[in-house]
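Here is the structure we will look at, set down as structure tokens.
The values are calculated or read from the model by the stated rules, or taken from the named source; none is laboratory data. The model shown is predicted, which means the values in this text are computed figures rather than measured ones. Cβ coordinates were reconstructed from backbone atoms using ideal geometry, including for glycine residues, and neighbour counts include every protein chain displayed. Just so you know, the surface numbers come from the protein's heavy atoms only, side chains and all, with ligands and any DNA or RNA stripped out. Shrake-Rupley method; radii C 1.70, N 1.55, O 1.52, S 1.80 Å.
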Amino acid sequence: MHVEKYEPKRLCNLCVCVLLCIVFLLFFLPVSSYAENATTSLEEVVVSASRLNEMKKEVPTNMRVLDEKEIQLSSAQTLGELLAEEGIGHIQKYPGAQTSFGMRGFRGEPHGNDLKGRTLLLLNGRRAGTGNVAKIMTENVERIEVIRGPASVQYGSAAIGGLVNVITRQGEGEPSASAEGKLGSYDYKKGSAGFSGEIEGFDFSGGFSRSTRDDYTTADGEKYHNTGFDKKEHGSLNLGYTFKPGNRIGMIYTGFNADEVGDPGRLSRNDLDDYSDRSNESIDFIYDGSAKDGLFSWKARYFRGNDKVTWYDPVASDPGGAMAKDDGVPETREVDSKGAQSQFTYNPEQIQITAGFDWIDYDISSDTGGFDYNNPSYFLLAKSGFLDNSVFLSVGARYDDYQVEKKNEEVDKDNLTPKLGVTWLPMDHLKFRANYSEGFRMPSGDAIFGSYYYKPNSGLSPEQSRNYEIGADFYYKALNTSLTCFYTDFEDKIESRRIGTGLQNAFINKNIGEATHSGIEGKFSHDLAAVLNLGWSIVPYGNFVYMYQFENEETGDDLPYVSDMTANWGVRVLSNRGFSSDLNFLYTGEQKITYPQETEKGGFTVANLSMSQKIAKTENYGQFTLKAEIRNLLDKDYSYVQGYPMPGRSFYLGLRYDI
């Protein structure tokens, strides 16, 4: 039997967290004594934490919601750029169309599918089938929910550091449509269109965009060849029919396609003609239902998807020579996915119980081989309110069974994951929360069955994490603050070890890694209009993550690719005359990297500015909005990945028409 040891280091970290939350309470408690009209932010409805619509005040985890207005105000061109601006954690962004995100010291996987990552990307509450957030559009998105910390009980493998759930807009109200054109630096061109509405129970919402760009120049004035792309296309369509109150059938399509995206290699050895074609598309069929009295509700979903990338190496243009293959043969990796979700909720007065079933099947193929991944799972979630709903207790458990098959060989594994959370609302606008949750990541087929360089190891176990978290949220009128402390034990990490001297089968994957991740997360925003008695909304804001421990337990060294500090801050302005702007600063701290050699990568701060102004509005013919953006406002020479610098100062101008 495993007996968990509470080491002095962990106890010290937890004491620091408790102390910070007590200070947080003492600081804001005087304000609460005269608060009469508390903000309704805690009444905000979210869905990702429990897979059901619930009020944010009942959620025991650290959660961030980006609403449609914040998404539209941002200068970000892709979901990856948007997540970077929000400072959610580690961003691994390459030129072209490849970006992944990390949280709490755990990274996603930009090169393969989501099985290899330790953070998870969702589309409308189910696995996106990719860890590359550059493939996800920000048009036709209602909101983006970010959960920090393990969410494996709700969504399964890989959700160790956290998850991002992109939720498509559902049409409502009078039909409307929009069109937008944008021009920018490096011959950037983008056109997009969208529509939304509802007619006699039928709702519809959709968006489409197409963009092109030439090679860009770094802030140092150096032309970075092969960083352009011939075409990127995003599409989204959400259709539904409500045939009786609380009962809707729907279909959601999402698609991404990119042609001849430059694959430049590091600037020091800039490959001039390698490129890739990338695509990702999926379709969902969904039924949401509930009884008249709301005592029972249910959800069923079936989806299919395909994620594909093909790399081309036409000639040996790598100046260094070592990277050039000059074989002219493209390499392809493709993932066909299909899956289903079903859940049933019983919701009497003081308790809510949800039981459900998830199933996902990945057929992964590449030029070097492939495998099939099959994962049925069962979960149970329960929540109850006490003391006149001032205290909420949330519990849950999930059982995963999975089979990984290659040719005639099959490996079966299973995993059981629990969670427990408590929220306490001593007053309407103050919330304290505590949460224990476990996460896991199942070993991939590559690790189990091996490859040319790796021997197989069918005995691999899932990676495991145990997360302890406490926090507080305070909302008063236009003030919004939050503080969270977390401590995570990470065990059975799958790492490779050399076992021979030759190339063939010289390595093997083993469950040998252990690490400790702990830190503090905070956020702040305040609309000064209420204080200054202004007609305009002026909102300074800030978010930060400070990792005070990210240590390899075996060696005592800091983990690579983890910054001790990431933060974003800025100010948003909204006027009643149609003007809006967002000035955003993002700081990414130093981090240790191991490729191409072990060294320290310096930190950086990058600024982006976006502005828009309604310039014409008519009652019958719609309105025009002029948009302007400056990315990398301070012309900073920076890179998210060593050797792959981002563009220098870039300008964009657009015109949007809404009717």
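The table below lists the values:
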{"item": "Pair list, Cβ < 6 Å and 6+ apart or interchain, from the stretch 606-622 residues that are closer than 19 Å to R649 by Cα to residues that are open to solvent by 20 Å² or more (accessible area, probe 1.4 Å) and part of a loop (DSSP other than H, G, I, E, B)", "result": "V606/K636; V606/Y638; A607/L633; A607/L634; L609/L633"}
{"item": "Near pairs, Cβ below 9 angstrom, 6+ apart or cross-chain, from the stretch 507-528 (touching a residue at least 60 places away in the same chain (Cβ under 8 Å)) to any residue that is crowded, with 20+ Cβ neighbours inside 10 Å and basic (K, R)", "result": "H517/R104; S518/R104; G519/R104; E521/R104; E521/R148"}
{"item": "Residue that is nearest to N226 (Cα to Cα), among those in the stretch 255-272 that are hydrophobic (A, V, I, L, M, F, W, C) and either touching a residue at least 60 places away in the same chain (Cβ under 8 Å) or in a helix (DSSP H, G or I) (or both)", "result": "V261"}
{"item": "Selected residue (criterion: farthest from F285 (Cα to Cα)) from residues of the stretch 235-268 that are among the small types (G, A, S) and surrounded by fewer than 16 Cβ atoms within 10 Å (Cβ to Cβ)", "result": "S268"}
{"item": "Number of the condition not met by D293 [criteria: (1) crowded, with 20+ Cβ neighbours inside 10 Å; (2) at pLDDT below 90; (3) acidic (D, E); (4) over 15 Å from T227 (Cβ atoms)]", "result": "(1)"}
{"item": "Residues being of a type outside the set (K, R) and open to solvent by 70 Å² or more (accessible area, probe 1.4 Å) - total across the stretch 597-634", "result": "11"}
{"item": "Residue match in the stretch 437-445 (condition: in contact with a Phe, Trp or Tyr (Cβ under 7 Å, 6 or more places away or on another chain) and open to solvent by 70 Å² or more (accessible area, probe 1.4 Å))", "result": "no"}
{"item": "Hits in the stretch 192-220 - residues which are of a type in the set (F, W, Y) and either touching an Asp or Glu at 6+ places or on another chain (Cβ under 8 Å) or open to solvent by 20 Å² or more (accessible area, probe 1.4 Å) (or both)", "result": "F195, F202, F204, F208"}
{"item": "Residue under evaluation D388, criteria (1) surrounded by 14 or more Cβ atoms within 10 Å (Cβ to Cβ); (2) at positive phi, criterion not met", "result": "(1)"}
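Every residue, every condition in (1) under 28 Å from I448 (Cβ atoms); (2) hydroxyl-bearing (S, T, Y), yes or no:
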residue: G500; (1), (2): yes, no
residue: A506; (1), (2): yes, no
residue: N509; (1), (2): yes, no
residue: T516; (1), (2): yes, yes
residue: L534; (1), (2): no, no
residue: E553; (1), (2): yes, no
residue: V562; (1), (2): yes, no
residue: M565; (1), (2): no, no
